[in-house]
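The values are calculated or read from the model by the stated rules, or taken from the named source; none is laboratory data. As the structure is a computational prediction, the values presented were derived from the model and not from experiment. Here the Cβ is made from the backbone with ideal geometry for all residues, glycine too, and neighbour counts use every protein chain on show. Calculation scope for accessible area: heavy atoms of the full protein, side chains included, ligands and nucleic acids excluded. Shrake-Rupley method; radii C 1.70, N 1.55, O 1.52, S 1.80 Å.
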Amino acid sequence: MVNKPMIDGIQILRGLAAFLVIVRHGTKEIDGFNFEVGQFGVDLFFVISGFVIYLTSRNVDWRTFAKKRLVRIVPLYWLVSSIALMGAVLLAKGTMNEVFYEFVLSLLFIPHGDLFPILYVGWTLNYEMWFYLIFGALIFFNANLLKGASITIFALVMLGLILLLFNDWEVSPFTVPLLPITLEFLAGVWIAYFYINGFNFSKAFCVFLLSVALIWLWFAPNASAYTVWRPVAWALPAALIVVSFLGLEKHVSFRKLTFLMLLGNASYATYLIHPLIIRFTMIANEKVLNGMLDAWPLLVVLVLGSILAGLAFHLTFERFLINFFNGLFLNKKVKTC
């Protein structure tokens, strides 16, 4: 049985996932770039999330589970969303009532309007909270987590597809949590199950899995945030990459990759803060520098600025908030996954 507080390969993948998303959002702001595959970072995050939640939550009560998950996700998200709110007010994006209404629903992880929160990357956290709710309920009812998660998520996805079929495949706030993308969490759960029970892959086989995933990504069709077929395009390569990195744990010393490990540790903070850094940098380049930065130099500044800001937020605000609320609700400082 596996009992390891941190899996280095998973931390590396978290950093990679955050990097892909940053580059994707940076290229969207610059004409002439096309990096749609960067969205795949989200799918990688979802598979990793399912893996981590199953791995760490099999022997906890539902209250501890809920507290640990809320402490890990909510404080920093609310902080960065508040900064986004100030930006929306300053840029006069809609009336004050509209902005405040969007802000409140965003904090409550409720899809609304155009389906994106005031901090637009928060759409993925709406799915995270949905997954936590399902898992928390299974823990509360003392259900088998593997079977319960499988049956529940499959049933909800089937319900979602039926509703979409009768609504001309138009996604609404109600059908958002029922989309097939939730199957990516389930893929992570099953990977964790087999990981716990032990699998031993050769280095060559892990490299083969990784190669298959990369080839699949190369030919996979683009799939936007709420595309029904997104798991077909990107769930499989995400699962294969996670499995390959888990297998490589016995063959590669990931911990020696110090910067990548740090980037993985800071991945959540980086993921949240980078939209604001990108927006600020674009405004500064246009208003202050008169467009002096163009194409590649601008992209490098966007990416590096986001990474550095993420690291800074992780080392200051994120660590402080997690330790503070762990002390408040769990009476201890805990390393959270």
remark   = Among chymotrypsin sites (Phe, Trp or Tyr not before Pro) in segment 137-192, those in a DSSP loop whose Cβ has at most 14 other Cβ atoms within 10 Å are 141, 166, 169, 174
inquiry  = With every protein chain kept in place and ligands, DNA and RNA left out, what is the accessible area per residue of segment 49-151? Probe 1.4 Å, answer in Å².
reply    = 48 Å²
Longest to shortest principal axis, alpha-carbon extents of the chain, angstrom = 58, 48, 42
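How would you classify segment 101-209 from its alpha-carbon gyration tensor, with a ≥ b ≥ c the square roots of the eigenvalues: rounded for a/c under 1.5, else prolate if a/b is greater than b/c, otherwise oblate?
Details: a/c = 1.84, a/b = 1.74, b/c = 1.06.
Prolate is the answer for segment 101-209, as a/c is 1.5 or above and a/b outweighs b/c.
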Radius of gyration, Dmax [segment 198-337; alpha carbons; angstrom] = 19.5, 57
message = Could you identify which residue out of 160, 41, 50 has the top mean-square fluctuation in a GNM of the chain using Cα springs shorter than 10 Å?
response = 160
message = Tell me which of 295, 315, 284 sits at the most positive position along the dipole axis of segment 262-334, charges placed on C-beta atoms (Lys, Arg +1; Asp, Glu -1).
response = 315
remark   = Among trypsin sites (Lys or Arg not before Pro) in segment 1-84, those in a DSSP loop whose Cβ has at most 16 other Cβ atoms within 10 Å are 58
query = Total Lys pairs in the chain closer than 22 Å by alpha-carbon, pairs eight or more apart in sequence or interchain only?
reply = 20
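Trypsin sites (Lys or Arg not before Pro) within segment 228-310: which are DSSP loop residues with at most 16 other Cβ atoms inside 10 Å?
Numbers: sites: 250, 255, 256, 279, 287; in loops: 250.
Taking segment 228-310 and a limit of 16 other Cβ atoms within 10 Å, the loop trypsin sites (Lys or Arg not before Pro) found are 250.
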query = Quick one: with all protein chains in place, what share of the accessible area of segment 118-184 is carbon or sulfur, to the nearest percent (1.4 Å probe)?
reply = 73 percent
